[in-house]
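The values are calculated or read from the model by the stated rules, or taken from the named source; none is laboratory data. Owing to the predicted nature of the structure, the values given are computational and were not obtained by experimental measurement. Cβ placement follows ideal geometry from the backbone for every residue including glycine, while neighbour counts extend to all protein chains displayed. The area values use the complete protein model at the heavy-atom level, side chains included, leaving out ligands, DNA and RNA. Shrake-Rupley method; radii C 1.70, N 1.55, O 1.52, S 1.80 Å.
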Amino acid sequence: MLDPLLQLPITSTLAQYSQGPTYYAARGTGDLLVLIHGSLCDLRYWRWQINKLYDHCEVVSLSLPGYWPNNPSSAAYEFDLTNQIAAVADVIEQKRQSGQKVYVLGHSRGALVATQYALQHAPIDGLILADPAFTVNEAPPALPVLGEAASLLANGQDEQGLALFIDAVSGKNTWRQMVGWFKTMVEDNAHTLIAQSREELPALGADRLDAFNQLPLLLINGALSPKRYQNSAEQLLKHLPHAQHGLIPNASHGMNLANPKAFNKALLNFMHS
């Protein structure tokens, strides 16, 4: 099918590692850049990357299992970290070509998916974590409002639940000021918050990060992002001092949309360094 927002066809993998096919959109040629979204988002989240970076590399934006365009009724059994890591593996195995460098970017909760993929699967050439939503040596802390937002959604109070969660993640009044296409995407994925509120994510031990000592790594924060995401990046930098760190000006958690020019430049500088 053709996605009207991206104006690109959405295709799917043959399930090899994951429980089912994974939907993705791809554009461009060259080294492979795989984009992994965070909570309430999907492959549409990266519209200003897939449609701006394709002259420089092959950009692949995927929807993790449980998210649009998957059937919402499937989220209860598809929304699982292990299955989502396997879905990334399916996409990369299908797209990877001999001699091609592979870079994996994860945003927010997607940064944990990207990190676990890099630890468990074939070597990659670079890892990019944007506002990572996890800490070292501790299970990733759930937002205090996640359970309340999920409860509101389960009771049919979608507007209140989504507003509560989005404002907690990106700042007060973000939901009210959200542009139409983004609000539609969030509403399409509202059901995933219920599944997300029930997951128990594993702790990432400092000893496991030793595997990244030779891996090129870029940490990115929005200059206006909530402090918890900046603290996470700072903690990772203490364990991985070789990592690069970028700050996207005039942007909060959704930095790739608020300031795509600076965000895209940071990606290209890293990939070409």
Relative to the present Cα-Cα distance, how much length would full extension add between residue 176 and residue 16 at 0.36 nm per residue of separation? 53.5 nm
Are there GluC sites (Glu not before Pro) in the range 69-145 that DSSP puts in a loop and that have at most 13 other Cβ atoms within 10 Å, and which ones? 138
What distance in nm separates the two pseudo spin-label positions at residue 121 and residue 200, each 7 Å out from Cα along the beta-carbon direction? 2.6
In Å, what Rg and Dmax follow from the Cα atoms of the chain? 17.1, 51
Computed FRET value (nearest 0.05) for residue 142 with residue 98, which takes r as the C-beta separation and R₀ as 41 Å: 0.50
With all protein chains present, how much of the accessible area of the range 62-132 (probe radius 1.4 Å) comes from carbon and sulfur, to the nearest whole percent? 45
Regarding the range 56-173, what's the average projected area of the Cα-atom convex hull, expressed in nm²? 9.2
Between the range 161-217 and the range 118-134, what's the alpha-carbon centroid distance in Å? 16
Over the range 81-200, what is the relative contact order in percent, taking alpha-carbon pairs closer than 8 angstrom and at least six residues apart? 18
What percent does the relative contact order of the chain come to when contacts are Cα pairs within less than 8 Å and at least six residues apart? 18
Filter the GluC sites (Glu not before Pro) in the range 174-273 to those in DSSP coil with at most 13 other Cβ atoms within 10 Å of their Cβ, and list the result. 199, 200
Taking 0.36 nm per residue of separation and subtracting the Cα-Cα distance, what length does fully extending residue 1 through residue 273 add? 94.3 nm
The range 181-253: relative contact order as a whole-number percent, Cα under 8 Å and 6+ apart: 35
Going through the cross-link list 95/238; 183/265; 101/183; 101/238, which pairs have a Cα-Cα distance over 32 Å in this structure? 95/238; 101/183
Give me the one-decimal nm value for the distance between modelled label points at residue 238 and residue 82, 7 Å along each residue's Cα-to-Cβ direction. 3.2
Nearest-0.05 FRET efficiency for residue 208 and residue 264 at R0 = 25 Å, using Cβ-Cβ distance, is 0.25
Tell me, what % of the accessible area of the range 143-218 is carbon and sulfur with a 1.4 angstrom probe? 48
Hand me the trypsin sites (Lys or Arg not before Pro) from the range 151-205 located in a DSSP loop with no more than 16 other Cβ atoms within 10 Å, in residue order please. 172, 198
Would you calculate a helix-derived [θ] at 222 nm for the chain, using -39,500 (n - 2.57) for each DSSP H run of n ≥ 4 and dividing by the full residue count, to the nearest 500? -10500 deg cm²/dmol
1.4 Å probe accessible area per residue over the chain, in Å²: 43
Which residues among the range 243-273 fall inside the zone where the amide N is under 20 Å from a point 7 Å beyond the Cα of residue 135, along Cα→Cβ? 253
Which residue, 248, 36, 128, has the most motion in a Gaussian network model of the chain that connects Cα atoms within less than 10 Å? 248
